[in-house]
Amino acid sequence: MSLDLLEVERRMQPGAWSTHGFLLKNHSLAEVLANDACTLAALGVSAELVGQRLSKLLESGAKSDWFWPFRTGEHKVEIRRRRGFITCPWALAEFEPCAVGQLSFPTANEFLIQNRGSRQRLEGFELSIHLIRDHAFFGGKGSRFRIEPVRAVAVLGMQSSFENLSF
């Protein structure tokens, strides 16, 4: 069973499934998805590939913790474990795993990834990796869940001819 995009958008509003929300009030989920798809197309990468790279980095840094980063290749990974749960808004019910793509369990854990060469950093929620990889959702503009696609691609070292794009 798939959910209607408007129902997912309703769940993403502040105070629905998350206090702060995945989208700011009066922002359109369809527009956010379309804008990010255009950005990714210009970068020559897919949301799925960005999410897979993020997932691999977090898997390699699974034993890290606050202020105890794990070095893997050109990156430092720090998983910041938190109490509580944040659920994927595409899940069939709140506090249930999302069955889309690779199973995603509710978690409030956050991460910090730093590219050791460029010193660029990327911070986000573990849930964001599922949202990016399996739903092509990088978070609503201005929300605390937002990971800018250009920044993610740069920190992950996936850039090629777009070195001058700003973020």
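The values are calculated or read from the model by the stated rules, or taken from the named source; none is laboratory data. Remember, predicted model here, so these are calculated numbers, not experimental data. Glycine gets a Cβ as well: all are built from the backbone with ideal geometry, and neighbour counts include every protein chain shown. To get the accessible areas, we keep the full protein, side chains included, count just its heavy atoms, and leave off ligands, DNA and RNA. Shrake-Rupley method; radii C 1.70, N 1.55, O 1.52, S 1.80 Å.
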> Across segment 72-81, what is the number of residues that are surrounded by 14 or more Cβ atoms within 10 Å (Cβ to Cβ) and either in a loop (DSSP other than H, G, I, E, B) or in contact with a Pro (Cβ under 8 Å, 6 or more places away or on another chain) (or both)?
Replying inline: 3
> Just for segment 115-146: of the residues that are part of a loop (DSSP other than H, G, I, E, B) and of a type in the set (Gly, Ala, Ser), which one is surrounded by the fewest Cβ atoms within 10 Å (Cβ to Cβ)?
Replying inline: GLY117
>> I'm trying to understand the selection: among the residues of segment 5-36, which are exposed (fewer than 14 other Cβ atoms within 10 Å of the Cβ) and in a helix (DSSP H, G or I)?
In response: LEU5, LEU6, GLU7, ALA30, GLU31, ALA34
> Can you name the condition, by its number, that VAL77 falls short on among (1) at pLDDT 95 or above; (2) β-branched (Val, Ile, Thr); (3) under 21 Å from GLN120 (Cα atoms)?
Replying inline: (1)
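Can you report the number of residues in segment 86-103 which are of a type in the set (Phe, Trp, Tyr) and surrounded by 14 or more Cβ atoms within 10 Å (Cβ to Cβ)? Before you say what the answer is, go through the steps one by one.
Quick first cut of segment 86-103, residues of a type in the set (Phe, Trp, Tyr) only: 90, 95.
Next cut, surrounded by 14 or more Cβ atoms within 10 Å (Cβ to Cβ) only: 90.
Of the residues in segment 86-103, 1 are of a type in the set (Phe, Trp, Tyr) and surrounded by 14 or more Cβ atoms within 10 Å (Cβ to Cβ).
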> Of all residues in segment 56-71, how many are open to solvent by 20 Å² or more (accessible area, probe 1.4 Å) and at pLDDT below 75?
Replying inline: 9
> How about segment 38-47: which of its residues are surrounded by 15 or more Cβ atoms within 10 Å (Cβ to Cβ) and in a helix (DSSP H, G or I)?
Replying inline: THR39, LEU40, LEU43, ALA47
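Yes/no matrix, rows are residues, columns are (1) within 18 Å of SER60 (Cβ to Cβ); (2) at pLDDT below 85:
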{"position": "ARG81", "(1), (2)": "yes, yes"}
{"position": "LEU92", "(1), (2)": "no, no"}
{"position": "GLU123", "(1), (2)": "yes, no"}
{"position": "PHE138", "(1), (2)": "no, no"}
{"position": "SER143", "(1), (2)": "no, no"}
> Residues GLU31, GLU96: which one is farther than 24 Å from ARG119 by Cα and modelled with pLDDT of 95 or more?
Replying inline: GLU31
